[in-house]
Amino acid sequence: MRQRANGKPNDDMYNNLETGRGGPRSGNRGMSSHEANANIMEQQNNDRISELSDQVARLKGLTIDIGNEVREQNSLLDNMGDGFTNVGDMLSGSLARMGIMLERGGAKHMCYLVCFVVFVMVFLYWLVK
């Protein structure tokens, strides 16, 4: 074992290493191993907190985007509902006028109506094919 100039072995240096105090070369001068561990744990906690805050910020942005999308979709659905209501009103008016026409016109108007329906069906079949 190496001895110091005063003749005492380097036991103090090894004791310092075991307790975390290191020695003159160590960056933890005067710190116990408990304090060094506490500092390491605190640094890790700070890193984890910053990661969590980044994730929370991303989630916040995502929820804001989802909220905006929901508002847009609700607006579109409301407009579609209004459009369907208008179409329903138009169809009921058309059916009422057709009923009046059939009551007045007789067979001639019924023949026109049947021809029109057949024409529409053939046209739709041609479009689909």
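The values are calculated or read from the model by the stated rules, or taken from the named source; none is laboratory data. Quick caveat, the model's predicted, so the values are computed rather than measured. When the accessible area is computed, the model is the full protein with side chains, heavy atoms only, and any ligands, DNA or RNA have been set aside. Shrake-Rupley method; radii C 1.70, N 1.55, O 1.52, S 1.80 Å.
Brief remarks follow.
The rows are residues; the columns are (1) modelled with pLDDT under 95; (2) among the hydrophobic types (A, V, I, L, M, F, W, C); (3) open to solvent by 70 Å² or more (accessible area, probe 1.4 Å).
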site	(1), (2), (3)
Arg4	yes, no, yes
Pro9	yes, no, no
Arg25	yes, no, yes
Glu35	yes, no, yes
Leu59	no, yes, yes
Ile66	no, yes, yes
Gly99	yes, no, no
Gly106	yes, no, no
Val114	yes, yes, yes
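- Qualifying residue in the range 43-51 (condition: of a type in the set (Val, Ile, Thr) and open to solvent by 100 Å² or more (accessible area, probe 1.4 Å)): yes
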